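K.L.:
I'd like to ask you about the structure that follows.
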Amino acid sequence: MDENQEEDLSIAEVIEAPQVGLTHVAAHICLDILDSARHRRQLYVGEWLPEPVPDGTTTEAPTPGRASVTLGRSTALMVVLESLTPAARAAFVLRDMFALSFGEIAAVVGRSPQMCRNVASSACRYVRDRRRQETASDVHTRVVTAFWAACDTRDLAALVSLLDPEATTLSDGGGKVRAALKPIHGADRTARFMLAALLQYPKLEATLQSVNGKTGLVLRHETTVSGVVSFHVQGEKITDVWLVLNPDKLRSWNHC
């Protein structure tokens, strides 16, 4: 079979099974984007976080007992996915979301079917373990509500009590606005960082809002969203605080 015949066969397969063909094309495009993104992040200023996504569910903070809307792709999950290599991430998504066979995945990512099986299985276990650590939505909302109440009243002790002793805070300013360039570790340091940041902006207003399907905080200065905070809650303690301040990543919040 010559090159033209192979090309005709490939086109025929796409026409015969458009969903499979389009999935392959989209996956290849995504892999190219992921590879390009990894290179760009090497030059990124400070910590990099995935873009927070609004869903339009808003209440004034603090408002206890407000359940968040589950979209299935929380910030915690996206952070986990970002830690995977492009090939591992593609293998996981194609297997988990599109139910492609390992042979089909191998054709997309350029690996052997056995290697794709190993990579996808490892990624699935990693993501599954992270999902098991997530608390129920109502508990998550209650903890986040209490977190903001402690911030709003500048209650350091209450704030520390809500944080896991090994809590980590990442803030993403992208070099566009002031943000911590390195992770902040520990409950006390995280609490003091949040209070110090709020003291710099006394007119800052906050609302409880669903961020990537989990209750988070949206920070506004006058009418402009200047920050979005999302959390990972395990048990009844906050283990991770993700603060996105980069205005380029907040455009959807200021135009929705």
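K.L.:
Calculate the radius of gyration of the Cα atoms of region 192-231 to one decimal place, then report Dmax, the largest Cα-Cα distance, as a whole number, both in Å.
P.N.:
Looking at region 192-231, its Cα Rg and Dmax stand at 10.4, 29 Å.
K.L.:
Something else about it: Amide H of residue 234: which non-local residues (sequence gap of 5 or more, or other chain) have their own amide H closer than 5 Å, using H built in the peptide plane?
P.N.:
Counting only residues 5 or more places away or on other chains, the set is 239.
K.L.:
Lys and Arg at +1, Asp and Glu at -1: add these up for the other residues within a Cβ distance under 9 Å of residue 169 and post the number.
P.N.:
My count for the surroundings of residue 169 gives 0.
K.L.:
Over region 135-199, what lengths in whole Å, largest first, do the semi-axes of the equivalent ellipsoid take, defined as the square roots of 5 times the eigenvalues of the alpha-carbon gyration tensor?
P.N.:
Calculated on Cα positions only, the semi-axes equal 21, 14, 12 Å.
K.L.:
So between residue 55 and residue 224, what do we pick up on full extension, going 0.36 nm a residue minus the alpha carbon distance?
P.N.:
59.1 nm
K.L.:
List the lysines whose Cα sits under 17 Å from the Cα of residue 249, skipping any in the same chain fewer than 8 residues away.
P.N.:
Within the straight-line limit of under 17 Å, residue 249 reaches these lysines: 176.
K.L.:
What ranking of 255, 232, 185 comes out by heavy-atom accessible area, probe 1.4 Å, highest first?
P.N.:
Per-residue accessible area, sorted high to low, gives 255, 185, 232.
K.L.:
Here is a further query. If the chain between residue 128 and residue 98 were fully stretched, how many nm would it gain, using 0.36 nm times the residue separation less the Cα-Cα distance?
P.N.:
9.1 nm
K.L.:
Note down the net charge around residue 118, summing +1 for each Lys or Arg and -1 for each Asp or Glu among other residues with Cβ under 13 Å from its Cβ.
P.N.:
Cβ neighbours under 13 Å give a net charge of +4.
K.L.:
Let me ask something additional. Apply the Karplus curve 6.51 cos²θ - 1.76 cosθ + 1.60, θ = phi - 60°, to the phi angles in region 230-241 and return the couplings in whole Hz, x for Gly and Pro.
P.N.:
Going residue by residue, I get 10, 9, 10, 10, 10, x, 10, 10, 7, 9, 9, 10 Hz, with x marking Gly and Pro.
K.L.:
Using only C-alpha atoms and all pairs of different ones, pull out the Kirkwood radius for region 116-256 in Å with one decimal.
P.N.:
15.9 Å
K.L.:
Ok, one more. For region 70-185, what log10 I(q)/I(0) values come out of the Debye formula at q = 0.15, 0.19 1/Å, with one point per alpha carbon and no solvent?
P.N.:
The calculated log intensity ratios at q = 0.15, 0.19 Å⁻¹ are -0.85, -1.06.
K.L.:
List the chymotrypsin sites (Phe, Trp or Tyr not before Pro) in region 93-170 that DSSP assigns to loop (not H, G, I, E or B) and whose Cβ has at most 16 other Cβ atoms within 10 Å. Which are they?
P.N.:
98
K.L.:
A further question on this structure: For region 89-140, just run the numbers: alpha carbon Rg, then divide by 2.2 N^0.38 Å, N being how many residues it has.
P.N.:
1.36
K.L.:
Which whole-Hz ³J(HN,Hα) couplings does region 115-125 yield from phi under the Karplus relation 6.51 cos²θ - 1.76 cosθ + 1.60, θ = phi - 60°, glycine and proline marked x?
P.N.:
5, 5, 4, 5, 5, 5, 5, 5, 5, 4, 4
K.L.:
Using label points projected 7 Å from each Cα along Cα→Cβ, tell me how many nm separate residue 154 and residue 192, to one decimal.
P.N.:
1.6 nm
K.L.:
Under a Cβ-Cβ cut-off of 15 Å, what is the net charge of the residues other than residue 255 that fall near it, where Lys and Arg count +1 and Asp and Glu count -1?
P.N.:
Counting the neighbours of residue 255, the net charge comes to 0.
The values are calculated or read from the model by the stated rules, or taken from the named source; none is laboratory data. Predicted model, so just to flag it, every value in this text is computed and none were measured. Counting neighbours? That spans all protein chains shown, and the Cβs are built from the backbone with ideal geometry, glycine included. What goes into the accessible areas is simple: the full protein's heavy atoms, side chains included, and nothing from ligands, DNA or RNA. Shrake-Rupley method; radii C 1.70, N 1.55, O 1.52, S 1.80 Å.
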